């Protein structure tokens, strides 16, 4: 299978069209997978693995922050909660009420968009 040209100038000669971008506001596959994980974790939430910003195998910077800021910083799909464990302050990710609602309304759409292999 031939590899798709990367640059517009290359596509010009072949007549190929650029890949369409997802509509604004649509979650990427990894973000949907993370939201699903948070939904199934429920009120227990997802704890930070060893304090390195890796919650459930998803990057905080690239995945959780996007879900946190999906609507507005104080009204996102997930929230960060601080808790104490062995005398140390730790954080966990928990799905927000808006996140639960978003998941339940959009579950079928995203399952069709990103089917599991």
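Residue-level check: of (1) touching a strand residue (DSSP E or B) at 6+ places or on another chain (Cβ under 9 Å); (2) modelled with pLDDT of 90 or more, residue 107 misses just (1).
Of the residues that make up segment 35-51, is at least one surrounded by fewer than 15 Cβ atoms within 10 Å (Cβ to Cβ), without any contact (Cβ under 8 Å) to a residue 40 or more places away in the chain and within 23 Å of residue 116 (Cα to Cα)? Among the residues of segment 35-51, at least one is surrounded by fewer than 15 Cβ atoms within 10 Å (Cβ to Cβ), without any contact (Cβ under 8 Å) to a residue 40 or more places away in the chain and within 23 Å of residue 116 (Cα to Cα), which makes the answer yes.
The values are calculated or read from the model by the stated rules, or taken from the named source; none is laboratory data. The structure presented is a predicted model; accordingly, all values stated were derived computationally and were not measured. No Cβ is skipped: glycine too gets one built from the backbone with ideal geometry, and neighbour counts run over all protein chains shown.
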